[in-house]
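The structure appears right after this line, and notes come after that.
A short reminder: the numbers here are calculations on the coordinates, not readings from a lab. Nothing here was measured: the structure is a model prediction, and the numbers come from that model. Cβ: placed from backbone, ideal geometry, glycine included. Neighbour counts: every protein chain shown.
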Amino acid sequence: MSSFQVIATGPDRVGESPVWDVRLQALWWVDIESRRVRRWSQSSGQLMAWSLPERVGCIALAEDGRVIAAMETRISAARLGEDGSVALEDLALATFPAEGIRFNDGRCDASGRLWVGTMLMEQSQNRALGGMYCLDERGLTGPHVEGLYTSNGSGFSPDGKTFYLSDSHPLSQQVWAFDFDVERGELSARRSFLDMRQMAGRPDGAAVDSQGNYWICASDASQVDCISPQGRLLRAAPVPFPKPAMCCFGGPDLGTLFVTSIVPGDSKLDPQGLSGSVVALRPGATGLPEPRFSRFPRMAHSS
């Protein structure tokens, strides 16, 4: 499990939100700080990149072939052309409790809603102003969860009845589980799932495998932890950089774990020089196809 393949270098300053595209057999992800959406094709190895007008916290794939981009001030549907062109349709404009907040980690539920968290970009202020929002035909609603520093680690159990959410800020380092009602789009019964304050690394982005295990990137610990549905550490998959950011299952058999990464401020922490790359592991687990966004708001605006 320690072997890996580097599929993309860049480097990404903050590589996040990998999503496997079953239709194209390709991996999508973002480099937040460079405001880019990137794509790697499994068959050809081709890399492409598109520039967006704001930092992109996360993406989701839409049923109509577009990419949903949650940015700093808005969530947009992006038509990304093979010639590098970008056509945006704004789906929701954000109203946050303070300046300097942006969207961060998120993903779709089984019914096609987008759940996306927020964070204060200047994390050193130590202000828990982040929350969890939902985008569907009603528009952007929320926060459905409040009091987060750095919303991360979103994921759904295979049966869709449990939602996971982490806060990667040093003052939190928690992962919670919620009961989830997919018909109503409601979160309830928030409870502690994993306390990472006594573990190696801080919780960042995550993925759930077909057996219901929760794979959480342990930032600053050079590993991805596999956590059972009962909240027990089963194993840790090492990665060749100190700051793994988010992971997803993909490949033809959904048995490859793709992991993005962040370039640390101190280059001495990165002896292999692979920070900012995307790597692929074969962890002996398989994932499930990622749901696509389909519940578009009734009012949207092209730009």
* **Cβ crowding within 10 Å averaged over residues, with 209-221, 41-53 ranked highest first** => 209-221, 41-53
* **Dipole in debye (nearest 20) - the chain, about Cα centre, beta carbon charges: Lys, Arg +1; Asp, Glu -1** => 220 debye
* Asked: What residues of the stretch 163-201 lie in the reach of a label at residue 141, counting those whose backbone N is under 14 Å from a point 7 Å from the Cα along Cα→Cβ?
  -> 181-188
* Taking the Cβ-Cβ separation of residue 171 and residue 111 as r and a Förster radius of 30 Å, what is the calculated FRET efficiency to the nearest 0.05? -> 0.35
* To do: Between beta-carbons, use under 10 Å as the cut-off and find the net charge around residue 283, counting Lys and Arg +1, Asp and Glu -1.
  => +1
* Asked: Does the stretch 220-303 come out rounded, prolate or oblate, given a ≥ b ≥ c as the square roots of the eigenvalues of its C-alpha gyration tensor, rounded meaning a/c under 1.5 and, failing that, prolate meaning a/b above b/c?
  -> oblate
* Asked: Which ³J(HN,Hα) values in Hz, rounded to whole numbers, follow from the phi angles of the stretch 127-143 under the Karplus curve 6.51 cos²θ - 1.76 cosθ + 1.60, where θ = phi - 60° and Gly and Pro get x?
  -> 10, 7, 9, x, x, 10, 10, 10, 10, 8, 5, 6, x, 8, 10, x, x
* Structure fact -> Taking N as the number of residues in the stretch 58-104, the ratio of its alpha carbon radius of gyration to 2.2 N^0.38 Å works out to 1.24
* Ordered by residue, what ³J(HN,Hα) values in Hz, to whole numbers, does the stretch 95-101 give under the Karplus form 6.51 cos²θ - 1.76 cosθ + 1.60, where θ = phi - 60° and Gly and Pro are x? -> 10, 9, x, 7, 6, x, 9
* Find how much the distance from residue 43 to residue 98 grows on full extension, using 0.36 nm per residue of separation minus their present alpha carbon separation; answer in nm with one decimal. => 15.4 nm
* For the stretch 35-58 and the stretch 93-140, compute the distance between their C-alpha centroids and round to whole Å. => 21 Å
* Just grab the label-to-label distance for residue 298 and residue 190, each label 7 Å out from Cα along the Cβ direction, in nm (one decimal). => 3.0 nm
* Label-point separation (nm) for residue 182 and residue 127, each offset 7 Å from Cα along Cα-to-Cβ? -> 3.8 nm
* Asked: Among 77, 169, 141, whose Cα lies farthest out toward the positive end of the dipole of the chain, if unit charges sit on the beta carbon of Lys, Arg (+1) and Asp, Glu (-1)?
  -> 169
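If you average 1/r across every pair of different Cα atoms in the stretch 5-302 and take the reciprocal, what Kirkwood value do you get, in Å?
Working: mean 1/r = 0.0535 Å⁻¹.
Kirkwood radius, the stretch 5-302: 18.7 Å.
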* Structure fact -> Projected onto the charge dipole of the stretch 5-302 (unit charges on the beta-carbon of Lys, Arg, Asp and Glu, signs +1, +1, -1, -1), the Cα from 188, 6, 249 with the largest positive-side position is that of 6
* To do: Rounded to the nearest Å, what's the spacing between the alpha carbon centres of the stretch 231-255 and the stretch 145-218? Just the number, please.
  => 15 Å
* Structure fact -> If the chain between residue 85 and residue 64 were fully extended at 0.36 nm per residue, the gain over the current Cα-Cα distance would be 5.9 nm
* **Qualifying trypsin sites (Lys or Arg not before Pro) in the stretch 20-115, DSSP loop, other Cβ atoms within 10 Å at most 10** => 23
* To do: Give the whole-number value, in cubic angstrom per residue, of the convex hull volume spanned by the C-alpha atoms of the stretch 53-198.
  => 123 Å³
